[in-house]
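The structure under discussion appears below in the form of structure tokens.
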Amino acid sequence: MRPKGGIYINSKDIHSKSILTPANGLLTSSGFTFSLNPYTGCAFGCSYCYVREMPAAKYRDEEWGSYVDIKVNAASLLESEVKKAKKKDQVLSIFMSTATDPYQGIEAKTKLTRSLLEVMLSLKEDITHLMVHTRSPLVTRDIDLFQEFGEKILISMSIETDLDKMRKIFTPSAPPITARLNALKTITEAGVPTRASISPMLPLSKNVAKKFKEVTNQVALDDFFMGDGSRGRRTEQMGIRKKYEQLGLLQWYEPGAYKKVLAILEEEFDNIDVFHEQTQFRQK
């Protein structure tokens, strides 16, 4: 079944064995040591999501975007695992989330992500850095908690394009672009560090940099070749190239297409995160 109103009909509670996953690949080279996913599954069901091609989703008997598992013991696990990590002198630089959206619709009901933030705040001295990555305007609900993290937190809003017509083609269940921009602006104006993440890059307008500059001071950029964890192979297997071809937009799918967007972004932003496998940060 497809989700209605952002809440899954076939959601279920589960007890997870762990909640902090050691980072690898691009996360490691970006400085993160753990990822944190409050849910399994994602309401937004984006057509290009690399998680679709991961074994846990690919071999499940439910369509990606039609289910969500709620890790009801996540908060208690997190407190225990943070304390264990500190005893081992492990750095806790956490990316939330890599394989789900922590603010998908069901979060309004469960408040699971908020409970995890509260745990991390109680152990703030042990947390080096926290990035919250979402595409949901619901994230504004927790501004009060974000402010307590100070400079240890970064709210990353995934805005793959500034053209809502493209959003409707590739990810129709995700929130409208204007709603995401407004949410990011609200958080920025509340004094919380933010960034707009073009992740993955969809076709954009020439005004994208100016639009983003109005709502944040930081921007990140990746495409299907840099960001799907397999140099574009997962995305290819999902047939995204064919969709670009049918739309007459194949020039946007090429490995070097991001460079023209990067040039536009550089007109407005001094520092731009570009998710290459080796060099993660580009500075003018």
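The values are calculated or read from the model by the stated rules, or taken from the named source; none is laboratory data. Keep in mind that this is a model prediction, so the values were computed, not measured. Positions of Cβ are generated from backbone atoms using ideal geometry, with glycine treated the same way; all protein chains shown enter the neighbour counts.
A few comments on the model shown:
- Of the numbered criteria (1) surrounded by fewer than 20 Cβ atoms within 10 Å (Cβ to Cβ); (2) out of contact with any Phe, Trp or Tyr (no Cβ under 6 Å at 6 or more places or on another chain), the one Ala43 fails is (1).
- Qualifying positions in the stretch 13-39 - closer than 20 Å to Ser199 by Cα, touching a strand residue (DSSP E or B) at 6+ places or on another chain (Cβ under 7 Å) and polar (S, T, N, Q): Ser35
- If only residues of the stretch 102-126 that are of a type in the set (S, T, N, Q) and closer than 27 Å to Lys86 by Cα are counted, the one that is surrounded by the fewest Cβ atoms within 10 Å (Cβ to Cβ) is Ser122.
- Residue list for the stretch 230-254, restricted to those being in a helix (DSSP H, G or I) and either in contact with a Ser or Thr (Cβ under 7 Å, 6 or more places away or on another chain) or under 20 Å from Met54 (Cα atoms) (or both): Arg233, Arg234, Thr235, Glu236, Gln237, Ile240, Arg241
- Under the condition of being at pLDDT below 80 and assigned to a loop (DSSP other than H, G, I, E, B), the residues counted in the stretch 2-34 number 6.
- Those residues of the stretch 220-268 which are more than 20 Å from the chain's Cα centre (by Cα) and of a type in the set (Ser, Thr, Tyr), in sequence order: Tyr244, Tyr253
- The residues of the stretch 199-216 that are farther than 16 Å from Leu249 by Cβ and either over 18 Å from the mean Cα position of the chain (by Cα) or among the hydrophobic types (A, V, I, L, M, F, W, C) (or both), listed by number, are Asn207, Ala209, Lys210, Lys211, Phe212, Lys213, Glu214, Val215.
- Lone qualifier among Ala99, Ala108 - being small (Gly, Ala, Ser), more than 12 Å from Phe32 (Cβ to Cβ) and not in a helix (DSSP H, G or I): Ala99
- Ser76, sole failed condition from (1) loosely packed, with under 15 Cβ neighbours inside 10 Å; (2) in contact with a helix residue (DSSP H, G or I) (Cβ under 7 Å, 6 or more places away or on another chain): (2)
- In the set (1) within 15 Å of the chain's Cα centre (by Cα); (2) part of a helix (DSSP H, G or I), Ala85 fails one condition alone, (1).
- Members of the stretch 129-159 that are closer than 22 Å to Leu77 by Cα and touching a residue at least 60 places away in the same chain (Cβ under 8 Å): His129, Met131, His133
- Applying the set (1) among the hydroxyl-bearing types (Ser, Thr, Tyr); (2) closer than 17 Å to Arg135 by Cα; (3) at pLDDT below 95 to Tyr103 leaves exactly one unmet item: (3).
- The stretch 47-70, subset hydroxyl-bearing (Ser, Thr, Tyr) and assigned to a loop (DSSP other than H, G, I, E, B), residue surrounded by the fewest Cβ atoms within 10 Å (Cβ to Cβ): Tyr59
- Among the residues of the stretch 165-209, those identified as buried (at least 19 other Cβ atoms within 10 Å of the Cβ) and within 13 Å of Leu138 (Cα to Cα) are Ala174, Pro175, Arg180, Leu181, Ala183, Leu184, Ile187.
- For the stretch 142-161, the count of residues that are assigned to a loop (DSSP other than H, G, I, E, B) and more than 22 Å from Ala108 (Cα to Cα) is at least one.
- Flag for Leu181 being assigned to a helix (DSSP H, G or I), touching a residue at least 12 places away in the same chain (Cβ under 8 Å) and of a type outside the set (Phe, Trp, Tyr): yes
- Leading residue by the ranking (surrounded by the most Cβ atoms within 10 Å (Cβ to Cβ)) among those in the stretch 210-229 that are at pLDDT 95 or above and assigned to a helix (DSSP H, G or I): Phe212
- Of all positions in the stretch 185-197, none carries a residue that is of a type in the set (Lys, Arg), at pLDDT below 95 and within 29 Å of Tyr67 (Cα to Cα).
- Residue in the stretch 68-80 that is touching a residue at least 12 places away in the same chain (Cβ under 8 Å) and basic (Lys, Arg) present: yes
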